[in-house]
Structure formats: structure tokens, C-alpha cells
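Step one of this worksheet: look at the structure below.
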Amino acid sequence: MANFFKDNEDLQFYFDKGIDWEPLVKITEYDYAAAGGHDNADEAVEFYRDIAQMVGEFVAEEIAPHGAQIDREGVEFRDNEAVFPERLESIFAKIRELDLHGMCLPRELGGMNAPMLLYYINSEMFSRADVSVMAHHGFHGGIAMAMLMFSVHEGSTEFDPEKMEIVKTRFEKEIQEIASGKAWGCMDITEPDAGSDMAGLRAKGEQDDDGNWFVTGEKIFITSGHGKYHFVIARTEEAQSGDDPFAGLAGLSFFLVKTYDDDADGTRTWHSSFDRIEEKLGHHGSVTAAQTFDRTPALLVGSRGDGFKQMLKLMNNARIAVGFESLGLCEAAYRLARDYAAQRPSMGKTIDRHEMIADYLDEMRTDIQGIRALAMNAAFYEELAEKASVRLSHMPPDNDVDRNKLQNTIKSFKARTRRVTPLLKYIASEKAVEMGRRCVQIHGGNGYMKEYGAEKLLRDAMVMPIYEGTSQIQSLMAMKDTLNGILKDPQGFVTRYAQTRWRAVSSRDALERRVARLQQVSLSAQRALITKTATDKFRSLSGKPLTSWPNAFLKDWNPKRDFAYAMLHAERLTVLLSDEAICEALLAQAKAHPERREVLERYLDRAEPRCRYYADEIATTGARLLEQLSRTDDEQHQAAG
Ligand SMILES: Cc1cc2nc3c(=O)[nH]c(=O)nc-3n(C[C@H](O)[C@H](O)[C@H](O)COP(=O)(O)OP(=O)(O)OC[C@H]3O[C@@H](n4cnc5c(N)ncnc54)[C@H](O)[C@@H]3O)c2cc1C
């Protein structure tokens, strides 16, 4: 029997050694105090392994062999409904039978109380089989967990601290409906005139005199948007002027909208208009829908005006999920290319023996291991941070020392996940496209033909760097966080620089010295960006009264104008930051498990010259283009009057 878990040694390394299961299981099992739960980490991990093996076999046997059919048949839009072909229906029937939608939900809500990390690992295997099936599957359990998370955060979930369980939660009915597979949800952000620029969103949320909310507006490109439950972001606050913060992100609120009711006679009453299913390049087993809301009843989630903040909570997890989905695609592309190359003869040997192809394959394998290390880190710390926050707010320790300790732990986990999440989304999705393309190339002419499946992987991969925040948006986030960190604590940056320099020459471990040197390259690039940014800022003050300089320099920063140089190089910086984070994760593994030293060596061999190249580009290029952009900006301003 094919099994995407059992045939993947790297994935099994994480189960056996690479994941520090103890803290994750302990917090997931409420310190082993909950009734009906696991009594220790070993027992729990055995259970998780059984699930992973079961999923590994299911996706390998019952989804992967039908990828071409899923791609060919797509989903039909008929009489204003999405109609799944038989194959997809039967796959989702089996997912329901295996009870996978509610896997991470607490037991008291009918779930298995498995960690989200297991869900992500399963996502990788699902995506290796067919990423579009994973996308729709993800909008079941993922949305049910989001409903629970939102309710916990807004205070509409009650816990029994004695029994360590949930006794009441706001969206219980909806969660159970989704867990049973009878419904699913989606996330409605994008509009025809606003995608990356959320400040431009126009959908409106309005309240009547009785306090009921309604949303009106058009949302497009919604994955699984034929679903019943839509998280919709809409504008609720009127801006007085263009400068009013309400004109931007602060004017947005977050809603849960039910788009239809199932009637007793088997028909549906719609509360919104399901306009169409988009025809698209790939991802054919996943519906991408357009919906129009016209005073559709809605439930406000959280508070008025904090819609953007709420949406980020959902997106953090979604970005990690895309990281794992991309990883699954990379794994599929690598294996397809490797197996083809091993049997295709050319000029006296199989093509995997030709140097350039061997080099491609070696780089793909190495990148996959690096990305997986980053993905596991992001998922691990995100889950620990989230669960520890719930513990602190709803079941806090009964003494100050433990409370403070928990608070500090949460802060450190949040900082880690905040750092690596945009890097994961960026690098995993970009690599999925690169590997899809390489898979086609390694197949030669056959790669261009549908029969071999390589071109499908490339088409499916193309959306990864676009949805859940494009690569450029991830890069801007990573760059801003990095530079703000330096501006807030310049001394900390200098200390880190010095420590890294010291480690680069004095560490007894040669691999640690190499990682420190790579960190130095990254830190030098950051220093170049911040120095250039500060120099430009000073230059912009010339001609202005000296008395205005302190305020202008310390407080009056305009992200669009003052960070132009850093924005220009944000993507290059993100590659450096990703390599740095991956090498740190692999070094930690190498220190604990000597057999991982070879993985780090291979990764460093590739990352070192790459980082030097990007650091050089950051330090030496861009002035000409920025000059040109600022000239045309000025001309446009003058022309506008
Ligand atoms: C298959 C699919 C499924 C999707 N699913 C969902 C979903 O479930 N829910 C949902 O709400 N949306 C969904 N989307 C929409 C997706 O999130 C958006 O397409 C994406 O955020 C980009 O927005 P946009 O298309 O408006 O492009 P734009 O924002 O117009 O961007 C166009 C290009 O400009 C770049 N760009 C924009 N601003 C900047 C900047 N400041 N600096 C540098 N570069 C910039 C972008 O990176 C991009 O390369 C989906 C899209 C697709 C294709």
C-alpha cells in the first residue's frame, strides 16, 4: 500500500525526534488533567502517529491516483449551486467517515483534541496528493477551529477550570455542523478593487436600531466560497476625511455571515447571491467563488473596528497552512521529477546522472528539508503561543510567579512565530513554483504534456505566492518587523552583531561557525538597509529648521516615503532572513541529532553564496530606480496640481 507518511523519512524524523512533543501534548491535554485524555506524551504521540499513518495511506491510495481526474473535471456551477463530480464527492465522504474535519477540536465538542501541528502535517500529505482537495478540506476544520478561537478571544466561551473543559461556546452549533462535514466556511476579504490593499475595502457593515448587523458588498476569489459560513471583513466606521484612521484599517470590522439555510424540503434559502465559480489556471478541485451580500444578516465577531486585527489571527494560521501546502507540492514535484529522471535515458545514461539534473534534484531535496524545518517551527510556536494565551486568560495559574512565567513564555513564543510565519509563507510558496517548473523541465517535452502530471503541479503551485497575502506583502511584513526591531532597540542589534561575529570565529563547532557567518551576512544587509534609510531621512531634512529635526527624525516617519530603499529590497532581505531562520533551525537539530549535520551542510552549501549575492545586491543596487520613481512621483504630484 502506498503511504505518504511511511515513505517520507524526513517527516518521520519529526515524529521520532525533531518535534519536542512534551510541552505541546501537555498544554493540549490540559496538563493531563482532562477526563478521557491521554496520560502522557508518549501515549499521545503514538495516537498521532496512527492518525498520520492512516492519513498517509488514505491520501496516497484514494486521492493521489485521481489527481488528473480531479484537475480535468473541476467543479461545475449549475443552477446557482456548486456541483462536485462523483470523484470529489466520494473523497469528501471518506474524509467524513474518517472523522478528519473535527480532528483538532476539543473532545467536549466532539473532536479528537489532536494538536494543530498534526493537522498541518496531514495538510502536507494531502497537498502532495492534490493541493486543491486540501484547500477545501482546510476550510472545514480550519474554520471550526477559528470559530472557537474567536469566541475564546471575545470572551463568549466558558471553561470549567476544575474539569479543564469548555462548557459553553458561542458558535457551538456551527462548529459541530462543520465537524460533521455537513457545512464548511470560508474567508471573505478580497473585493474587485481591493486585495493586498485592505484599506481600500468597500463592503459595508451596518447596524439597525435593534442592534442587528447586516453586510452589503461584493467579495471575489473566495476559496470554498460556496460554503454556508463566511467570515466577512467589512467597513463599519465612517471616515470624516482621507486622513481619518477610520478611512483605513481602523474602520473595518469582522463578521460571521450565514449565506443560506437548509430547508426541510431539501431546498435552500439563500441570504446572499452566489454569483459564479471562477475558471482558473489550476486548483480545479477547489471552488473559487464570487458572492454578493445585500443587507445580509451578520454576527459581529469581536469588537467594532478591530476587524483587521481579527482577520490577522485567522491569516496567521492560514499562512502557516499555505506553508505546509506548498511543502506538499514541493514533495510531489521532487518525487515525480526524481523518479522520471531515474529511468529516462539520454546520451548513454539516465538523466539523473547528468550533472545539471543531479544538481536540480539535490537542491530540491535540500530545500524541502529546510522548508520543513521552518514550517515545523512556525506551527509549533504558533500553537504553543495560542494555547498558552487561552490558559492565561481562562485558566490562569493561581500564583504570581507562575503567571509571570507563563506571560513571558507567551511573549517569547509569539515573537518566534511572528518572525518565521511570513518567511515560511514566502519561501515555501516561491519554492513550490520553482519546483513545479523544474519538474516540468526535468520531464522535457513530456513535462509539457498533461499525461505526466508535471504541468498540473506547476499550475497548482502558481497560486501559492498569491493567496493569503502575496509574496511581496510577506516581504514587506518581514522587512518592516526587522527594521522596526532595530529602530526600537539599536543597542540590542549592535550586541547581536558582535555576538554573531564572535561565534563566527570562536565556536568550536565548524557548522556553528558557518551559521554564524551566514547570520553576519544577513545582519550586514539589515545594517545597510537601516543606514541607507536613516541617511535618506537626514537628507530629506536639509533646508528645514534645525529645531524640527528631532521630531522629524524620531517621530515623523512616513512608511511610503522614508522606507523606499528598504521596500525596494524587501524581497531580497526576505530570502536572507529565511535562509538564516532555516539554518538556525537545522543547527539546533544538528546539535541534538548528529545525523542531521549532513542536512545542514547541504543547506549551507547552497545558502552561503545565495546570501552573499543578495546582500551585495541590497548594498549596491537600486539608487537609479528609486531616483527615477521619485522623479515621476514628483511630476505626477505637480501635474495633479
Ligand atoms: C485561487 C485563489 C483563491 C483565493 N482565495 C481567497 C479567499 O479565500 N479569500 C479571499 O479573501 N481572497 C482570496 N483570494 C484572493 C487573494 O488573496 C488576492 O488575489 C491577493 O491577496 C492579491 O490581491 P489582488 O489580486 O487584488 O492583487 P493586487 O493587490 O492588485 O496585487 C497585484 C500585484 O501587486 C503587488 N503589490 C500590491 N501592493 C504592493 C505593495 N505595496 N508593494 C509591492 N507590491 C505590491 C502584489 O504583490 C501583486 O504581485 C484568492 C485568490 C486566488 C487566485
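Taken together, the values in this text are just the output of simple stated rules run on the coordinates, not laboratory data. Remember, predicted model here, so these are calculated numbers, not experimental data. Note: ideal-geometry Cβ built from the backbone for every residue, glycine included; neighbour counts use all protein chains shown.
Each of N377, F84, A510 was placed along the dipole of the chain (beta-carbon charges, centred on the mean Cα), and the one lying farthest toward the positive end is A510. Between the stretch 452-531 and the stretch 366-441, how far is it from one alpha carbon centroid to the other, in angstrom? Taking the Cα centre of each part, the stretch 452-531 and the stretch 366-441 sit 15 Å apart. Placing pseudo-labels 7 Å out from each Cα toward the beta carbon at K173 and K488 gives an inter-label distance of 4.2 nm.
Among the aspartates and glutamates, which fall within straight-line cross-link reach of K532, defined as a Cα-Cα distance under 18 Å, with same-chain neighbours fewer than 8 residues apart omitted? Leaving aside aspartates and glutamates fewer than 8 places away in the same chain, those within reach of K532 are D481, D489, D556, D562, E571, D616, E617, E627.
Take every pair of alpha-carbon atoms less than 8 Å apart whose residues are at least six positions apart; their mean separation over the length of the chain yields a relative contact order of 11 percent. With the charge dipole of the stretch 535-641 set up from +1 on Lys and Arg Cβ and -1 on Asp and Glu Cβ about the Cα centre, the Cα lying farthest toward the positive end among the listed residues L626, L541, H637 is that of L541. When the square roots of the Cα gyration tensor eigenvalues are ordered a ≥ b ≥ c, the ratio a/c for the stretch 107-194 is 1.5 or more and a/b does not exceed b/c, which makes its shape oblate.
Relative to the Cα centre, the charge distribution of the chain, modelled as +1 at Lys and Arg Cβ and -1 at Asp and Glu Cβ, gives a dipole magnitude of about 2780 debye. Secondary-structure-derived ellipticity at 222 nm for the chain, considering helices only, amounts to -20000 deg cm²/dmol, per-run term -39500 (n - 2.57) for DSSP H runs with n ≥ 4. Bridgeable aspartates and glutamates around K431 (alpha carbons under 12 Å apart, same-chain partners fewer than 8 residues away excluded): E325, E331, E363, D367.
Using only the Cα atoms of the chain, build the gyration tensor, take square roots of its eigenvalues as a ≥ b ≥ c, and label the shape rounded, prolate or oblate: rounded if a/c is under 1.5, else prolate if a/b is larger than b/c, else oblate. Taking the square roots of the gyration eigenvalues as a ≥ b ≥ c, the chain is rounded. Ranked by the mean number of other Cβ atoms within 10 Å of their residues, highest first, the peptides 139-149, 35-45 fall in the order 139-149, 35-45.
How much length is gained if the chain between D31 and E76 is pulled fully straight, taking 0.36 nm per residue apart and subtracting their Cα-Cα distance, in nm to one decimal? Intermediate results must be reported in sequence, preceding the final value.
Values: separation 45, 0.36 × 45 = 16.20 nm, distance 4.77 nm.
This chain segment gains 11.4 nm when fully extended.
Within straight-line reach of K450, meaning a Cα separation under 16 Å, sit the following aspartates and glutamates at least 8 residues removed in sequence or on another chain: D71, E73, D130, D460. Structure note, pairs K313/K560; K26/K182; K204/K411; K228/K387; K94/K173: Cα-Cα distances above 30 angstrom occur for K26/K182; K204/K411.
Which shape class applies to the stretch 437-495: rounded if a/c is under 1.5, otherwise prolate when a/b exceeds b/c and oblate if not, where a ≥ b ≥ c are the square roots of the Cα gyration tensor eigenvalues?
Details: a/c = 7.62, a/b = 3.25, b/c = 2.34.
Here the stretch 437-495 falls in the prolate category.
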